[in-house]
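Each reported figure results from applying straightforward, stated rules to the coordinates on display, with no laboratory input. What you see is a predicted model, and the numbers here were worked out from it, not measured in a lab. Methodologically, a virtual Cβ is constructed for each residue, glycine included, from the backbone with ideal geometry; neighbour enumeration extends over all protein chains shown.
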Amino acid sequence: MAMSAVLQRKVREQMDILLSGVAEIISIDELEAKVARSLQTGEPLRVKLGTDPSRPDIHLGHAVVYRKLAQFQKLGHQVIFLIGDFTGMVGDPTGKSSTRPALTREEVEENARSFVAQFKALLDPERTELRFNSEWLAKMSFRDVIDLASRYTVARMLERDDFAKRFATQRPIGIHEFLYPLMQGYDSVALRADVELGGTDQKFNLLVGRELQREWGQEPQVVMMMPLLVGLDGVQKMSKSLDNYVAIADPPAVMYGKIMSVADAVMPMYFQLASGLPPEEVRRVQQQLSEGTLHPRDAKRMLAKSVVELYHGTEAAEAAEQEFDRVFRQHLAPEDTPEVQISAADWADGHPWIVRLLVAAGLAGSSSEARRLIQQGGVRLNGNQVTDADAHLEIKEGDLLQVGRRRFARLRRGRA
């Protein structure tokens, strides 16, 4: 039956929102049909996002997908935040060149609790269906596992890029690693998902869900993949292991400072995927950057403030901007600079060895690290760069010792 003009308009409105920023979708026609049926019947789509709690922090790269989930929620659909507590004990081999160590039950549970606390900054918890895949996977018998494994072939598994490369170079692949995409795919069967979200690096696993749903007589889910956000280095994807990330739980001042360090070349991507600004404003900023009519420094300040505001609110964003200006434009210490007591032995009559002082102040873990920091030009005393690692400098009460752009210590003389 042909759609009415009113229904067509409502479908198009939702599709315009849902397709914005998407890297790949399988398929657009299927999603449009599902949205139309939802509007006709009043039954919301069941939209799934699975999270492997291998690390406790949600960063801006994760949030790209979570914010798309929030768009479905705002349009009235039922979002399902699935924590892979059972699959987390296996470990997703995606993109790995070797078998990934499994997490313990205690590690999974601790990380899962952290995820639950953080996702509330992105989704309405009252309208979010929170699930754990141990609900069904932990109950499966060995016969059930064999039945699940019979639904997919080894040849299909070896189509996956990371498995194919390891097989070709004779690096080991554990049988249990083949079970991971099957378990993730079965999650979609158990939840009867209409749509599943993920990053582009999850394509194989997401497509397994479609195949298994067909095997169980369900309509296959639409697979919606979001682009991977590049990290602060401007080269590799945002990752905690690469230390190029911004956590959504970072304090406002820390978050603002990290965004101000992002590479100029990837700012257009950050505006689109991380800023939370309206699409028309994002396009305007991107055009101005391309034309050279907006200075990258000013664009970056706009970006940093919008990201902080998204997760901490307007007041916190304004305070973070003022703190950044205080430290990096006015060259003043942060208001919350810690005071460090330096022992009489390390104080050395007001002329301590700079290397020893850095270690005593907790700004370097060892003498060798302190020397390296000085050689790299990262050490300042009262704003003046220290260049000689063998120097014995004159210091007094209240002097400011700085390492890098964000680490400060106000020096106080301790008791003898």
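Per-residue ellipticity at 222 nm for the chain, helices alone: DSSP H runs ≥ 4 residues times -39500 (n - 2.57), over residue total, nearest 500 deg cm²/dmol?
-13500 deg cm²/dmol
Between R372 and T293, 0.36 nm times their residue separation minus their Cα-Cα distance comes to what?
Numbers: separation 79, 0.36 × 79 = 28.44 nm, distance 3.98 nm.
Answer, rounded to one decimal: 24.5 nm.
Can you pick out the pairs among K68/K139; K34/K120; K120/K300; K68/K305 whose Cα atoms lie more than 29 Å from each other?
K68/K139
Normalised by the number of residues in the range 5-226, what is the relative contact order in percent for Cα pairs under 8 Å and 6+ residues apart?
Rounded, it is 26 percent for the range 5-226.
At a Förster radius of 45 Å, what calculated FRET efficiency corresponds to the Cβ-Cβ distance of L242 and T153, to the nearest 0.05?
That gives a FRET efficiency of 0.85.
Check which residues have an amide H placed less than 5 Å from A249's amide H, if you skip close sequence neighbours.
Amide H to amide H, under 5 Å and 5 or more residues apart or across chains, A249 pairs with I58.
Where the centroid of each part is defined by its Cα atoms, how far is the range 396-413 from the range 180-211 in Å?
51 Å
Residue by residue through the range 359-366, which ³J(HN,Hα) values in whole Hz follow from phi under the Karplus form 6.51 cos²θ - 1.76 cosθ + 1.60 (θ = phi - 60°), with glycine and proline marked x?
5, 4, 7, x, 9, 9, x, 7
Cross-link partners among lysines for K240, C-alpha distance below 17 Å, same-chain residues fewer than 8 apart left out?
List returned: K96, K258.
Report the trypsin sites (Lys or Arg not before Pro) located in the range 216-307 that are in a DSSP loop and have at most 13 other Cβ atoms inside 10 Å of their Cβ, or state none. Mind showing how you got there, number by number?
Values: sites: K237, K240, K258, R283, R284, R297, K300, R301, K305; in loops: K240.
Hits after loop and neighbour filter: nothing returned.
Figure the gain on full extension for E219 and D388 (residue separation times 0.36 nm, minus the Cα-Cα span) and round it to one decimal in nm. Write out the running numbers ahead of the final one.
Values: separation 169, 0.36 × 169 = 60.84 nm, distance 6.90 nm.
Length gained between E219 and D388: 53.9 nm.
Report the label-to-label distance for V22 and E318 in nanometres (one decimal), using points 7 Å from each Cα along the Cα→Cβ vector.
3.9 nm
With just the Cα atoms defining each centre, how far is the range 249-294 from the range 3-75? Give it in Å.
When both Cα centres are located, 24 Å separates them.
Would you mind calculating the relative contact order of the chain from Cα pairs under 8 angstrom and at least 6 residues apart, reporting the percent as a whole number?
This gives 13 percent for the chain.
Which aspartates and glutamates have a Cα lying under 17 Å from the Cα of K165, excluding residues fewer than 8 positions away in the same chain?
Hits, sequence-local ones excluded: D92, E177, D201.
How would L273, L400 line up from fewest to most surrounding beta-carbon atoms within 10 angstrom?
L400, L273
For M157, M267, M15, which order do you get if you count the other beta carbons within 10 Å of each Cβ and list the fewest first? The partial results should precede the final answer.
Details: M157 19, M267 22, M15 15.
Ordered from fewest to most neighbouring Cβ atoms within 10 Å, M157, M267, M15 come out as M15, M157, M267.
Full extension from E43 to S4: what is 0.36 nm times the residue separation minus their Cα-Cα distance, to one decimal in nm? Intermediate results must be reported in sequence, preceding the final value.
Numbers: separation 39, 0.36 × 39 = 14.04 nm, distance 1.83 nm.
Gain in length upon complete extension: 12.2 nm.
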